[in-house]
Structures are given as structure tokens and as C-alpha cells.
């Protein structure tokens, strides 16, 4: 797990610990952002590696078609 502001050590997809629908793609060396989902605006969060990349890619394709 990484916290907002930490430097990414392993490139990949990550999910917000609170807003599971918020998935980001991170590159090694970039800093983790704050989560921008939720009714109160941006907030610090724990970013967990997203393990099911195929499902995430399917979700992103569906969202881009809407």
C-alpha cells in the first residue's frame, strides 16, 4: 500500500482504499495523488494495487463508450 504523496515504486493500476471505483494507472517514480472522488472533494488515501487488471480494462472500455 502507498499513501498519497508517496513515490510509486512499481508501475501498475491502483485503487483508492475508500472509493474502490477510483482506479489510477501509475508509472514508477511518479507521486501518488489525492483521491478526487467523494462528496467532500480531494482527500489523502491509501492506494492498493489493483489485482484484476482484465476487469479494470473492461470497466475502462465500457466507460469510454458511454
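Just one of [x] 4, 16, 24, 17, 13, 10, 6, 4, 3, 2, 1, 0, 0; [y] 4, 18, 29, 22, 18, 9, 1; [z] 3, 16, 20, 16, 12, 10, 8, 6, 4, 2, 1, 0 is P(r) over Cα pairs in 5 Å bins from 0, in percent calculated from these coordinates, so which is it? Computing P(r) over Cα pairs in 5 Å bins from 0, in percent and matching it to [x] 4, 16, 24, 17, 13, 10, 6, 4, 3, 2, 1, 0, 0; [y] 4, 18, 29, 22, 18, 9, 1; [z] 3, 16, 20, 16, 12, 10, 8, 6, 4, 2, 1, 0 gives [y].
As a length-normalised measure over Cα pairs under 8 Å and 6 or more apart, the relative contact order of the range 2-65 settles at 36 percent.
Highest average first, the peptides 7-17, 27-37 ordered by how many other beta carbon atoms sit within 10 Å of their residues are 7-17, 27-37.
Helix content alone sets the calculated 222 nm mean residue ellipticity of the chain: runs of n ≥ 4 DSSP H residues at -39500 (n - 2.57) each, divided across all residues, give -6000 deg cm²/dmol.
All of the numbers you see were taken from the coordinates with simple rules; none came from a lab. Every value quoted in this text rests on a predicted model; they were computed, and no experiment measured them. Neighbour counts are summed over all protein chains in view; Cβ atoms, including those assigned to glycine, are modelled from backbone coordinates with ideal geometry.
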